Amino acid sequence: MSTLRVKAISSLHAEFSVPGDKSVSHRAAILGGLSNGVCEISNFLPSEDCVNTLKAMRSLGASFDVLEEMEGYGPTKLRIHGRSMKLTAPDAPIDCGNSGTGMRLLAGLLAGQPFTSELFGDASLSSRPMGRITIPLAEMGANLETLGEKPGCAPLRIHGGKLNPITYEMPVASAQVKSAVLLAGLFAEGTTTVIQPAATRDHTERMFAGFRISCRTHGNTISMPGGQMPESCDFTVPGDISSAAFWLVAAAAMDGSRLLIKDVGLNPTRTAILKVLSRMGAHMTEILHSTDGEPIGNIELHGAPLKGTTLLPEEIPNLIDEIPVIAVAAALAEGDTHIRNARELRVKETDRITTTVENLRKMGADVEEFEDGMVIHGGLPLKGAEIDSHGDHRIAMAFAIAGLFAEGETVIHNTDCINTSYPGFAHHLAAILRESRDAADFVLPTVTP
Ligand code: S3P
């Protein structure tokens, strides 16, 4: 099990790009595999989560050729051979690893297939709630068994078949649930409608448009007629703003720093982190250079002394994955930061309320825990500590960022999990630790393929 060792730096001056977006890469693998031809996907995220989804599609008949790769991780550019919606039964249960997105989206897809299949994952994934997808998919006519030791949890056995369209009012604001129902809806006769309690990331809907699948959004209601054939297309995955968030927080909280993140996704359903950091005092400019499909652009950020803020209820689904690192920013800010209405954090890769609060306290921060979030009384100096990621990639990376501000050394244990979303993070961190010593401007090395 690997560890990361981090020491404080005094300023950060860097320009670089982060690897491809995790959410978009999963969807590109799935829709490419369903499409009616060959799709070339560039800047695919070569992380364990996304590679598992690619392999899942291969086990369902959609082969792929690797055109470029990040050595030791996985493909960054690939050609997928679509199955024109006709998948084949897999020979063995499908491994989704650590990925809730992979499992839930694939379950939606498999619900509409004329065969039985099984999805399983690691211990963390096997403890996450699957009722949120099995309920709507059962309403559509699929028969899903949850075989886990914990009730309502994976492994999943999916007896797919003919599906009915439904109108589904989601009890939780979850893009994974919305996408599972829409993917199943592709195989239903008639129009499937999903009503969200709040806006969630809309990558599925945007990618549907790229694959010429008609899908309408009115406010928080999304409707899509079934039986449509995705038309193959080429696709470039934007950099992942959730990965960029770690460096954005590091630079924001370090007065005098300058950071330029290039070619990152600026989809408005994902950019609440930028609004929050601006409210906290960071100076930021976004320069959009492509608005076709997924908006892509650069973010330039200048650090400043930060102040506390309150996350708005409607912002929570938009920045749910960034909350651990926002909590780190809050600990470094003067004043209180209120993070509430975020109960969903309890069912992520770990219970991220507990793991964030526990580790912040270890580093000397003053944090109150609530059932649905936390209040951070910022401004106390952080001190180096031994941090356990509990196998959660975002916890490992958030506390590596905290270590950049702490007195003494911070050691983060159990960091292999970082590869589920940010292959190359340790390489970027090492470059920042090395180069910042003389505070010179530098360009981070790309993680060599
Ligand atoms: C994701 C949606 C979010 C997010 C996850 C990726 C997606 O989960 O936390 O990392 O790709 O749809 P929920 O939609 O379940 O909140």
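Of note:
- On full extension, the segment bounded by R343 and R361 gains 4.5 nm, given 0.36 nm per residue less the C-alpha separation.
- Added length on full extension, which subtracts the Cα-Cα distance from 0.36 nm per residue, F370 to E334: 10.9 nm
- Gyration tensor verdict on segment 22-224 (Cα atoms; rounded if a/c is under 1.5, prolate if a/b is larger than b/c, oblate otherwise): rounded
- Share, in percent, of DSSP beta bridges within the chain that are antiparallel, nearest 5: 70
- Remark on segment 286-344: Rg and Dmax equal 14.2, 40 Å (Cα only).
- The distance between label points at E69 and M229 comes to 3.2 nm (points 7 Å beyond Cα on the Cα→Cβ vector).
- Our summary gives segment 22-224 a relative contact order of 17 percent, counting only alpha carbon pairs under 8 angstrom and 6 or more residues apart.
- Acute angle (nearest 10 degrees) that the helix 352-362 long axis makes with the longest principal axis of the chain, alpha-carbon atoms: 20
- Across the alpha-carbon atoms of the chain, the computed radius of gyration and Dmax are 21.1, 64 angstrom.
- Angstrom value of the Kirkwood radius, inverse mean 1/r, which spans all Cα pairs in segment 218-368: 16.8
- Within the straight-line cut-off of under 17 Å between alpha carbons, the lysines reachable from K262 are K22, sequence neighbours fewer than 8 places apart in one chain being disregarded.
- Each stretch of four or more DSSP H residues adds -39500 (n - 2.57); spread over every residue of the chain, this sum gives -8500 deg cm²/dmol at 222 nm.
- For the pair T116 and K7 in one chain, pulling the backbone fully straight at 0.36 nm per residue adds 34.1 nm over the alpha carbon distance.
- For the pair segment 249-315 and segment 184-237, the centres of their Cα atoms are 28 angstrom apart.
- Only Lys, Arg (+1) and Asp, Glu (-1) charged, at Cβ; the chain dipole about Cα centre in debye: 700
- The alpha-carbon atoms of segment 19-98, seen along their principal axes, cover 31, 26, 20 angstrom, with the largest extent given first.
- Report note on the peptides 286-299, 256-269, 320-333: ranked by the mean count of other C-beta atoms within 10 Å, highest first, their order is 320-333, 256-269, 286-299.
- Summary of packing: across the peptides 135-141, 13-19, the per-residue average of other C-beta atoms within 10 Å ranks them, highest first, as 13-19, 135-141.
Readers should treat all values here as calculations from the given coordinates under stated rules, not as data from a laboratory. Since this is a predicted model, take the numbers as computed values, not measurements. Cβ atoms come from the backbone with ideal geometry, glycine included; neighbour counts cover every protein chain shown.
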